[in-house]
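The values are calculated or read from the model by the stated rules, or taken from the named source; none is laboratory data. Computed from a predicted structure; not experimentally measured. For neighbour counting, all protein chains shown are included, and Cβ atoms are generated from backbone atoms with ideal geometry for every residue, glycine included. We work out accessible area using only protein heavy atoms, side chains counted, and drop any ligands, DNA or RNA first. Shrake-Rupley method; radii C 1.70, N 1.55, O 1.52, S 1.80 Å.
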Amino acid sequence: MKQFLVLVLLLSSFSVSFAQTTVQRYTISGYVRDAKNGEALIGATVSDQDTKVGAATNVYGFYSFSLPAGEHTIKAGFLGYETKVIKVNLTANQKQNIELSEASAETKEVVITAEKPEANVKAMEMSVNKLDIKSINKIPAFLGEVDVIRAIQLLPGVSTVGEGSSGFNVRGGSVDQNLVLLDEAPVYNSSHLFGFFSVFNPDAVKDVKLVKGGIPAQYGGRLSSLLDVRLKEGNMKKLAINGGIGTVFSRLAIEAPFKKDKGSFIVAVRRSYGDVFLKLSSNQALKESQLYFYDLTAKANYEIGKNDRIFVSGYLGRDVFGFGGGRNGFNWGNRTATIRWNHVFSDKLFLNSTAFYSNYDYQIKFENDDATSSFNWKANVINYSVKPEFSYYLNDNTITFGGQSILYQFEPGTATSISEGEKNVVGQPNKYGIENALYLANEQKINTRLSLQYGLRFSNWQYVGSGTEYFFNDTISGARRTLIGTKEYGSGDVIRTFNNLEPRFSAKYEINENSSLKASYNRTAQYIHLISNSVASTPLDIYAPSSNNIKPQLADQVAVGYFRNFANNTFEASVEGYYKTLQNQLEYVSNADLLLNRQFEGDLIKGKGRAYGLEFFIKKNSGKLTGFISYTLSRSERLFEGLNKNDWYPTRFDKTHILNITANYDITDRWSLGANWTYQTGTPGTFPTNRIVYQGIIIPHTYSNARNSVRIPDYHRLDFSATREGKVHTGTKWYQNWQGTWVFSVYNAYNRRNAFSIFFQQKENSRVETEAIRFSVFGSIIPAVTYNFKF
């Protein structure tokens, strides 16, 4: 790490000294915000109109770059906003805060033009997809409710096992290999209602960024991707209220300034009402059932000085499924809290310090009518973290450095049963881990065509007590290992330590104004593991730390891509190829006992993985017809000794072909139509090759021990939507500026019964016949109506 720091400083100081020998340079810096509500604009570009030298704003809207002394024409722009032109005379370092207005028909006569989406070609990043909430709102949605997770599943390289499954898969990685952040706090289960909706309230979301490769050095802890969801900061100009009434749930968001242009807040709530309709049933059991989810998202910020701003945000959400008056059922939920401090030391040095808390838990409970017997199972994962991060803007270099420390507390599962007054407690004890990291990175512009981004992350994992270290015997591959000894550790004792260096590198070469080549490499390390042998992620999954029996997961990925814009940037296109190798992947012995088993590590098998593919993406940005087409050709495979004849086999989430077509057409200023069609290769499965009949019971058996050798039928679906935007009410009434929007949607428009899985069972009243059952989550057309409002 020390040698790398010296190298970065030498490279950056060389470019600085060279620049300083030619002409005196000064720094221009500041924030770019939305003129209407004061929201910071992430990724807005600020540059010198003549030399094209400039910078993009960071996630807090801050920018900084240096120019020679003298007069300059500065241009600031952001997709969907009017470009602003400012004349400056640099005789010293200068601060320029900029406000941009949304593009509209009324501003066409103003000498301001709409910024073209050049970032596809000119941005340093590759394997990155960005979606703002305006783009997400245009995508036809399930039951008329727009959703962040469902939107990113339309992007190249992203898939899911099937409808109704939690989580998502990126470039051949499993669901636990995605780092999902909500205002920098990790979210372990991002789904409501078993994956049909996400925990991210669209009324509170400002920006969504998915990073599939070339992951920056400041992020770690997961192998495959980073999903960075940023919340709105709240309207800093005036009170604003918006919400919606839908088929499944309703929502409301309120935002307002504490003091105009100084501080603001936003509070957004949602609740489904399935349980409300159940109470109308004549069936007593249904009337006593619980079926709902809710969440509350809040954020506040305040400028405590010209160089300091504080942000506080939090999330609280829960899903509840119960019956018997709430005595029986299960529930799960996330809680997060984040506090951040932004400080500008100078025109060139920016600090963001973050502290967060994250808690994911679930509970299962059963109780008889007279409460003499009960069963209660609880589990959770808790994180505490501190992360200071510095950004230093040094002419053509942006140097990022900092560190992070995360404390993990795992409660894999504790079950308490009471039978006739006798209490019994079983389960796994709590486990603890500490993940520390230091990182240093530099983004450097070598010349007008070539730019580099290189960095190094050093990560350290300590599995700590109090706890027990388990030792197992060596046995044949694929077989359960037997416990041969244990060792006890006290509170805070270090049980096992792991260290990893994680280099990151990206390069961009601009062929011309409209096209570029990009390449990246990254190594990532992951110290926590999802322990589940189910087909898809469920709310009842458990996590385990790396230990003497579970080594950290490691991944190496290389990617190359060609990026091009057409027709004056009306169209943007890209093609990327990637190859990823994964180490220390986990699989399970046959009939593995994973739940409430203190010795579950003996049922684990260690192996390796690989994933490779091509991703094609074309997007139309302007005009009455907009939308995108994404196509992914890929494979995701695993290899474990003792399984599948020691040969590679496809993962359960492997899909060779994925094609998504999304379009939106503006008929008039008030009416628009949307459509989405998706096609996906069926997922692999393990089917029995023969059977054993024992005392009239048919037991399926796979003779060759093959894994995932058969695929279920292909998946395809068409969705439609029609949106009618209401007129803005004027006047002095309380409802002035009220605007209502009706969204009419049809999900699964041609009534396709897509298979989620296929399983086999013995036919009723037969001792020799079996049948294959095709299970579909949806088997019909699903219409919906949603009314959204804002004022």
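At an R0 of 60 angstrom, the distance between the Cβ atoms of T686 and S353 translates into a FRET efficiency of 0.80.
Protection proxy ranking, highest mean first, for peptides 630-640, 756-766: 630-640, 756-766, where packing is the per-residue count of other beta-carbon atoms within 10 Å, averaged. Counted by Cβ distance under 11 Å from Y393, the other residues give a net charge of -2, where Lys and Arg count +1 and Asp and Glu count -1.
Ranked from largest to smallest solvent-accessible area, with a 1.4 Å probe on the protein heavy atoms, H657, H192 come out as H657, H192. Modelled spin labels at Y384 and L673, positioned 7 Å past Cα toward Cβ, are 5.8 nm from each other. In debye, nearest 20: dipole of the chain around its Cα centre with unit charges on the Cβ of K, R (+) and D, E (-)? Here the size comes out at about 940 debye.
First check a/c for the range 229-340, with a ≥ b ≥ c the square roots of the eigenvalues of its C-alpha gyration tensor; if it is under 1.5, answer rounded, and if not, answer prolate when a/b is larger than b/c or oblate otherwise. Since a/c reaches 1.5 and a/b is larger than b/c, the shape of the range 229-340 is classed as prolate. Each Cα pair of the range 652-791 feeds into the Kirkwood radius, which the Stokes-Einstein equation turns, at 20 °C and 1.002 mPa s, into a diffusion coefficient of 111 µm²/s.
Over the range 417-553, what number does the Rg to Rh ratio reach, with both radii from the alpha-carbon atoms and Rh per Kirkwood? Looking at the range 417-553, the ratio lands at 1.18. Compared with the dominant principal axis of the Cα atoms in the chain, helix 2-20 is inclined by about 20°.
Across all directions, the shadow cast by the convex hull of the range 576-633 built on its C-alpha atoms averages 7.4 square nanometres. Looking at the chain, the accessible area is 44 square angstrom per residue; that uses a 1.4 Å probe and ignores ligands, DNA and RNA. Taking the inverse of the average 1/r across all pairs of different Cα atoms in the range 546-650, what Kirkwood radius in Å do you get? Across the range 546-650, the inverse of the average 1/r is 17.1 Å. Among the chymotrypsin sites (Phe, Trp or Tyr not before Pro) in the range 340-446, those located in a DSSP loop and surrounded by at most 16 other Cβ atoms within 10 Å of their own Cβ are F345. Exceedance of the 31 Å cut-off in Cα-Cα distance is limited, within the set K487/K580; K551/K655; K52/K259, to K487/K580; K52/K259. Summing Cβ point charges (Lys, Arg +1; Asp, Glu -1) relative to the Cα centre of the range 278-349 gives a dipole of roughly 60 debye. Straight-line reach from K134: which lysines have a Cα under 18 Å away, not including same-chain ones fewer than 8 places off? In chain and number order, the partners are K36, K116, K206, K209, K232, K619, K620, K624, K790. Measuring between their Cα centroids, the range 722-791 and the range 459-521 lie 41 Å from each other.
Sparse packing (at most 14 other Cβ atoms within 10 Å of the Cβ) combined with a DSSP loop state is found for the following trypsin sites (Lys or Arg not before Pro) in the range 285-348: K306.
Under 15 Å from the Cα of K508, which aspartates and glutamates turn up, not counting those fewer than eight places away in the same chain? Correct list for K508: E118, E125, D396, E443, E576. The translational diffusion coefficient of the chain, from Stokes-Einstein at 37 °C and 0.692 mPa s with a Kirkwood hydrodynamic radius over alpha carbon pairs, comes to 116 µm²/s.
Taking a sphere under 14 Å around the Cβ of Q553 and counting the other residues whose Cβ falls inside, with K and R at +1 and D and E at -1, yields a net charge of +3. Over the chain, what is the mean sequence separation of C-alpha contacts under 8 Å (at least six apart), divided by residue count, expressed as relative contact order in percent? Worked out over the chain, it gives 10 percent. Reported value for the range 142-215: 99 Å³ per residue, from the convex hull of its C-alpha atoms. Restricting attention to the chain, close to 95% of DSSP beta bridges with both partner residues there are antiparallel. For the range 183-263, the Kirkwood radius over C-alpha pairs fed into Stokes-Einstein at 20 °C and 1.002 mPa s yields D = 141 µm² per second. Hey, if you put +1 on the Cβ of every Lys and Arg and -1 on every Asp and Glu Cβ in the range 56-107, which of Y81, F62, N93 ends up farthest toward the positive end of that dipole? Going by the Cα projections, it comes out as N93.
Pick out, from L614, G243, S574, the residue whose Cα sits farthest towards the positive end of the charge dipole of the chain, with +1 on the Cβ of Lys and Arg and -1 on the Cβ of Asp and Glu. Of L614, G243, S574, it is S574. The mean of 1/r over all distinct Cα pairs in the range 272-329, once inverted, gives the Kirkwood hydrodynamic radius of 14.1 Å.
Packing-based ranking of 543-554, 658-669 yields 543-554, 658-669, ordered from highest to lowest mean Cβ neighbour count within 10 Å. When the GluC sites (Glu not before Pro) in the range 402-456 are filtered for DSSP coil states and for at most 16 other beta-carbon atoms within 10 Å of their beta-carbon, the remaining sites are E420. With point charges of +1 on the Cβ of Lys and Arg and -1 on the Cβ of Asp and Glu, referenced to the Cα centre of the range 186-304, which listed residue (S289, L226, P216) lies farthest in the positive direction of the dipole? Farthest along the dipole direction, towards plus: P216.
Sorting the segments 164-173, 473-482, 70-79 by their mean number of nearby beta carbons within 10 angstrom, highest to lowest, gives 164-173, 70-79, 473-482. An oblate overall shape is assigned to the range 175-217, the ratio a/c of its alpha-carbon gyration tensor axes (a ≥ b ≥ c) being 1.5 or greater and a/b not exceeding b/c.
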